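Visitor: What follows is a single structure, and I will ask about it in a moment.
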Amino acid sequence: RQRALLWAVLLAAWEAAWGQLRYSVPEEMPKGSFVGDVAKDLGLQLPALRDRGVHITETGRTQYFSLHGKTGHLVTAERIDREQLCRLVEKCVLRCELIVEGQMQVYGIEVEITDINDNAPSFREAETELRMSEMIAPGARFPLPRAHDPDTGRNSLQSYELSGDEHFSLAVQAGPGGDQRPELVLAKALDREEAAFHELVLRAMDGGDPARTGTARIRVTVLDANDNAPVFSQAEYTVRVPEDMPVGSVLLTVTATDDDDGLYGLVKYSMKKATDMESDIFHLDTETGVLKLSRILDFEEGVSYELEVQAHDSGALFDIAKVTITVTDVNDNAPEMTVSSKLNEIPEDAQPGTVVALLHVQDRDSGTNGEVHCSIDKDVPFRLEKSFKDYYRVVTARELDREQVSEYNVTSSFELLLTAVDAGEPVRSGSVQICVNVTDANDNPPVFAQDRYRVTLHEDAPPGSAVLNLSASDADTGTNARITYGFGKMPTKALQKFVVDAESGSITLQEALDFEDTRSFSLAMEAKDGGGLVAQCKVEVEVLDVNDNRPEI
């Protein structure tokens, strides 16, 4: 037992490492029932479940599982009925994905829904009438209605019992698929004058604990002699139909003949329906044997159907034939693209290969109709990468430049860029639009309009006089584009004579000039943005002489 437990732990760890978890849970468990410890199996810490945006996604319309945020347990979100979900399959497996947005990681989860004995065997009709000629020899066999039990394994239908009188016994034959087919065996010759009717009870039992049973009443009417049974033209009829065949279309016609005359030679047809769904989909005309389509087919719902048709005369003699209907797929479903996770914004200096979004692509068709090719327009700096099964990642293909284009629209119809196209005929496609905002990085320094400016001032200009209005521009945005002005390294005398406004870049005279003392000044000017990048220029100030001195003798 310890070795088995160790093997199970190692298997779970191996599957978790490869992005796949498997659990099992009985059907009909109440909402909130424990399924598996996802956090433990994936090695996720409980605080990380909330911080990394961990959630469960499922492809169907109903959410059957959810993740408990405090415990990290996978729990049921709805009461699950195995027979409703997995009517046509032996092993019932529900699949979902666990997405860790913070890691851009996807883990597949498979949950097997195990059967409980919550259904009793049942007959489609509570009472069946058989009509037999008194001339039928002992040993003759007659098909009895079959019971249906949607449970599986030991909980499904296991055996039949017959109670009634000594004229009949029960035989059970194995069908091609291993199903049990009860037959009524005539054990003793009938005598209509002795008994015109026989009342029997057919009981069906499953193997559950405790066992469940269902019953049907069999009424046998004894008729006068009818020595010829109807005979079908074929023992088996087969037909292939596309799933988009219109309702009311004729699928095929079954025919049987009877060599008797009168009422004993009049043949009527009936369909032994195994399930309610088949009775809803197909209709057999009792008089003509024409089999028509009563409801729209869906290849994704059922790929083939096997019907058992019976031709019987008025004397209750009959023949049985099998009808196999194969449904072929048509490309009636377009690929569906959904955004599982995405970034609202990305810095323009993000490294190539940065994950921007996680997409899920699904096409409900099969074969080539379900093969999907995904693409993204080549004019944007993004590319698609396969992630996990039907998941794709949108990643940066090269460095971004916000100043070139500040917003990329990723989509697919016409000018839209992200598409999923199947390989069917006609081709169907799906699209999704993702808006990725590129945030600014301080990758552009301020720029002066000129590297060198020349201005002149008369030496008698008063302090406060405007010298020059400097202006620099920056291609960045926000704080990175906010520019302040100042002086660079230069002589103290120049710093004493001039002052610059840090916000406007306006240079003004601070002290009076004297041509006879200094005839020119070279000002080193700087423009600095909010990210620390600096631009420089020179301002040459020429002092002009005025007649402010008298001659001296």
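Visitor: Against the condition without any contact (Cβ under 8 Å) to a residue 12 or more places away in the chain and either open to solvent by 80 Å² or more (accessible area, probe 1.4 Å) or of a type in the set (D, E, K, R) (or both), how does Glu287 come out, does it pass?
Guide: Answer is no for this residue.
Visitor: Hey, another quick one. Would you check which residues across the range 299-353 are among the aromatic types (Phe, Trp, Tyr) and in contact with a helix residue (DSSP H, G or I) (Cβ under 7 Å, 6 or more places away or on another chain) and list them?
Guide: Tyr305
Visitor: Okay, next question. So, of the residues in the range 258-277 that are at pLDDT 80 or above, within 17 Å of Lys292 (Cα to Cα) and touching an Asp or Glu at 6+ places or on another chain (Cβ under 9 Å), which turns out to be surrounded by the most Cβ atoms within 10 Å (Cβ to Cβ)?
Guide: Tyr269
Visitor: Shifting gears a bit: Identify, from the list Lys493, Lys489, the residue that is more than 60 Å from the chain's Cα centre (by Cα), open to solvent by 40 Å² or more (accessible area, probe 1.4 Å), over 18 Å from His458 (Cα atoms) and free of Cβ contacts under 8 Å to residues at least 40 places away in the same chain.
Guide: Within the list Lys493, Lys489, the selection yields Lys489.
Visitor: Can you pull out every residue in the range 159-216 that is among the acidic types (Asp, Glu) and either surrounded by 15 or more Cβ atoms within 10 Å (Cβ to Cβ) or more than 21 Å from Ser122 (Cβ to Cβ) (or both)?
Guide: Asp165, Glu166, Glu183, Asp191, Glu193, Glu194, Asp206
Visitor: Going by the conditions given, is Ser522 free of Cβ contacts under 8 Å to residues at least 40 places away in the same chain, under 17 Å from Arg454 (Cβ atoms) and out of contact with any helix residue (DSSP H, G or I) (no Cβ under 7 Å at 6 or more places or on another chain)?
Guide: yes
Visitor: Additional query: Which of the residues that make up the range 508-524 are open to solvent by 60 Å² or more (accessible area, probe 1.4 Å) and under 10 Å from Leu495 (Cβ atoms)?
Guide: Within the range 508-524, just Gln510 meets the criteria.
Visitor: Moving on. Looking at the range 203-229 only, could you name the residues that are over 46 Å from the mean Cα position of the chain (by Cα) and either farther than 30 Å from Asp258 by Cα or hydrophobic (A, V, I, L, M, F, W, C) (or both)?
Guide: Once the filter is applied, which keeps residues that are over 46 Å from the mean Cα position of the chain (by Cα) and either farther than 30 Å from Asp258 by Cα or hydrophobic (A, V, I, L, M, F, W, C) (or both), the range 203-229 yields Ile218, Val220, Val222, Leu223, Ala225, Ala229.
Visitor: Among the residues of the range 430-455, which ones are at pLDDT 85 or above and either open to solvent by 40 Å² or more (accessible area, probe 1.4 Å) or not in a strand (DSSP E or B) (or both)?
Guide: Matches in the range 430-455: Pro445, Pro446, Val447, Ala449, Gln450, Asp451, Arg452, Arg454.
Visitor: Pull up the range 370-411, narrow it to residues that are open to solvent by 20 Å² or more (accessible area, probe 1.4 Å) and among the polar types (S, T, N, Q), then point me to the one that is modelled with the lowest pLDDT.
Guide: Of everything passing the filter in the range 370-411, Asn409 is modelled with the lowest pLDDT.
Visitor: Does the range 86-108 contain at least one residue that is more than 26 Å from Asp191 (Cβ to Cβ), in contact with a Pro (Cβ under 9 Å, 6 or more places away or on another chain) and not β-branched (Val, Ile, Thr)?
Guide: Among the residues of the range 86-108, at least one is more than 26 Å from Asp191 (Cβ to Cβ), in contact with a Pro (Cβ under 9 Å, 6 or more places away or on another chain) and not β-branched (Val, Ile, Thr), which makes the answer yes.
Visitor: Just to verify a result, which residue in the range 525-539, among those that are surrounded by fewer than 18 Cβ atoms within 10 Å (Cβ to Cβ) and of a type outside the set (D, E, K, R), is nearest to Glu503 (Cα to Cα)?
Guide: Per the criteria, the residue is Gly530.
Visitor: Return the residues of the range 123-143 that are open to solvent by less than 60 Å² (accessible area, probe 1.4 Å) and under 30 Å from Gln84 (Cα atoms); say none if nothing qualifies.
Guide: Phe123, Thr128, Pro143
Visitor: While we're here: Is it fair to say Leu94 is under 27 Å from Asp37 (Cβ atoms), crowded, with 18+ Cβ neighbours inside 10 Å and without any contact (Cβ under 8 Å) to a residue 40 or more places away in the chain?
Guide: yes
Visitor: Taking Gly464 as meeting all but one of (1) under 21 Å from Gln450 (Cα atoms); (2) open to solvent by 50 Å² or more (accessible area, probe 1.4 Å); (3) not polar (S, T, N, Q), write down the number of the exception.
Guide: Gly464 satisfies all of (1) under 21 Å from Gln450 (Cα atoms); (2) open to solvent by 50 Å² or more (accessible area, probe 1.4 Å); (3) not polar (S, T, N, Q) except (1).
Visitor: Quick check on my filter: what residues within the range 236-265 are outside any strand (DSSP E or B), within 30 Å of Asn226 (Cβ to Cβ) and of a type in the set (A, V, I, L, M, F, W, C)?
Guide: Correct list: Val254, Leu263.
Visitor: Before we move on, is Leu170 modelled with pLDDT of 85 or more, of a type outside the set (Asp, Glu), out of contact with any helix residue (DSSP H, G or I) (no Cβ under 7 Å at 6 or more places or on another chain) and within 13 Å of Ala204 (Cβ to Cβ)?
Guide: Judged against the criteria, Leu170 is a match.
Visitor: Got a sec? Which of Ser66, Ser24 is open to solvent by 60 Å² or more (accessible area, probe 1.4 Å), among the hydroxyl-bearing types (Ser, Thr, Tyr) and either at pLDDT 80 or above or in a strand (DSSP E or B) (or both)?
Guide: Ser24
Results for (1) hydrophobic (A, V, I, L, M, F, W, C); (2) under 15 Å from Val309 (Cα atoms); (3) in contact (Cβ under 8 Å) with a residue 12 or more places away in the chain, shown as yes or no for each residue.
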| site | (1), (2), (3) |
| --- | --- |
| Gly207 | no, no, yes |
| Arg217 | no, no, yes |
| Ala225 | yes, no, yes |
| Ser233 | no, yes, yes |
| Pro242 | no, no, yes |
| Gly248 | no, no, yes |
| Asp260 | no, no, yes |
| Tyr269 | no, yes, yes |
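Visitor: Right, here's the next one. When you look at Asn155, is it buried (at least 16 other Cβ atoms within 10 Å of the Cβ), over 30 Å from Ala225 (Cα atoms), free of Cβ contacts under 8 Å to residues at least 60 places away in the same chain and in contact with an Asp or Glu (Cβ under 7 Å, 6 or more places away or on another chain), yes or no?
Guide: Yes, satisfied.
Visitor: Now, a different point. For the range 469-486, how many residues are surrounded by 18 or more Cβ atoms within 10 Å (Cβ to Cβ) and either among the aromatic types (Phe, Trp, Tyr) or at positive phi (or both)?
Guide: 1
Visitor: Moving to a separate point now. Can you tell me which residue is farthest from Gly302 (Cα to Cα) among those in the range 347-360 that are in a strand (DSSP E or B) and either without any contact (Cβ under 8 Å) to a residue 60 or more places away in the chain or not hydrophobic (A, V, I, L, M, F, W, C) (or both)?
Guide: Only one residue tops the list, namely Pro347.
The values are calculated or read from the model by the stated rules, or taken from the named source; none is laboratory data. Since the model is a prediction, treat every value here as computed from it, not as a measurement. Because the Cβ atoms are built from the backbone with ideal geometry, glycine has one as well, and the counts that use them run over all protein chains shown. What goes into the accessible areas is simple: the full protein's heavy atoms, side chains included, and nothing from ligands, DNA or RNA. Shrake-Rupley method; radii C 1.70, N 1.55, O 1.52, S 1.80 Å.
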